[in-house]
Amino acid sequence: MIKTKQDLKKYLEMDKFALERKYKKPKAFTDEIWRFQIYLRKYEFYKNTNTKSLLYLYYKFQYHRYSVKLGFEIPPNVFGPGLRINHRGTIVIQKNVRIGKWADVNHDVTIGMWKGQTPIIGDRCWFGPGAKIFGDVKIKDDTFIGANSVVCKSMENGALAGTPAKLINKEIPQFLIIREKEYYKKNKEMYNEQ
């Protein structure tokens, strides 16, 4: 959760790295997703610090505007740092869901409530196009959820696929781990976590 300006800076840098952006700020007509993520993070910061200023209202407005434009229903404080949204298109996430850092989300993903319970998802998880996750589900770190999979119960980490989803491979997908290691290697003097 973003509570300080240092947290905000860290989240913005990790999101930029996850999106593989090499330039300083979003391009005017091609970086709507990156722009949405910046507005999301700044809105989270002002919401969490109870700073009801004109900037709070501005970022809340821009967050909502880009949510509608891109088809996202992503409430604040759901994702940890290092979020990567790959495509515009419907993404619906219930407000009580918690997802760790380095999440990689494709279009048509739905993560929501079932029987009053919401999922808790670990770090470095990849959500394929059309993935659905509902209910009292705990997804461990380093999990790959395949396209059009429906996850309704907790499982081991690895590759999950099917309807209902089953563990099809216990091997942990390395590309998300590599992305995190590259980030910390590049920024090791700035952050002391891992």
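Miscellaneous remarks
- Of all residues making up region 33-69, the number that are out of contact with any helix residue (DSSP H, G or I) (no Cβ under 6 Å at 6 or more places or on another chain) and within 23 Å of Glu20 (Cβ to Cβ): 7
- The set of residues from region 97-106 being open to solvent by less than 30 Å² (accessible area, probe 1.4 Å) and not acidic (Asp, Glu) comprises Val97, Ile99, Gly100, Trp102, Ala103, Val105, Asn106.
- Note on region 129-145: residues that are open to solvent by 10 Å² or more (accessible area, probe 1.4 Å) and either part of a loop (DSSP other than H, G, I, E, B) or under 23 Å from Leu70 (Cα atoms) (or both) amount to 7.
- Which numbered condition Gln62 fails, given (1) within 30 Å of Ile178 (Cβ to Cβ); (2) in a helix (DSSP H, G or I); (3) open to solvent by less than 60 Å² (accessible area, probe 1.4 Å); (4) not aromatic (Phe, Trp, Tyr): (1)
- Taken residue by residue, region 75-96 has at least one member that is among the hydrophobic types (A, V, I, L, M, F, W, C) and surrounded by fewer than 17 Cβ atoms within 10 Å (Cβ to Cβ).
- Residue match in region 17-35 (condition: part of a helix (DSSP H, G or I), of a type in the set (Asp, Glu), out of contact with any strand residue (DSSP E or B) (no Cβ under 7 Å at 6 or more places or on another chain) and crowded, with 17+ Cβ neighbours inside 10 Å): no
- Exclusive hit being within 29 Å of Ala147 (Cβ to Cβ) and touching a residue at least 12 places away in the same chain (Cβ under 8 Å), set Lys42, Lys22, Lys95, Lys27: Lys95
- Criterion: of a type in the set (A, V, I, L, M, F, W, C), open to solvent by less than 40 Å² (accessible area, probe 1.4 Å) and assigned to a loop (DSSP other than H, G, I, E, B) - qualifying residue of Ile2, Ile38: Ile2
Listed here are the residues, each with its yes/no results for (1) without any contact (Cβ under 8 Å) to a residue 40 or more places away in the chain; (2) surrounded by fewer than 21 Cβ atoms within 10 Å (Cβ to Cβ); (3) not hydrophobic (A, V, I, L, M, F, W, C).
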position	(1), (2), (3)
Leu70	yes, yes, no
Asp108	yes, yes, yes
Gly116	yes, yes, yes
Ile120	yes, yes, no
Arg124	no, no, yes
Phe127	yes, no, no
Val151	yes, no, no
Ser154	yes, yes, yes
Asn157	yes, yes, yes
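The values are calculated or read from the model by the stated rules, or taken from the named source; none is laboratory data. Everything quoted here is computed from the prediction, not taken from an experiment. Note that each Cβ is placed from the backbone with ideal geometry, even for glycine, and that neighbours are counted across all protein chains shown. Note: areas computed on protein heavy atoms with side chains; ligands, DNA, RNA excluded. Shrake-Rupley method; radii C 1.70, N 1.55, O 1.52, S 1.80 Å.
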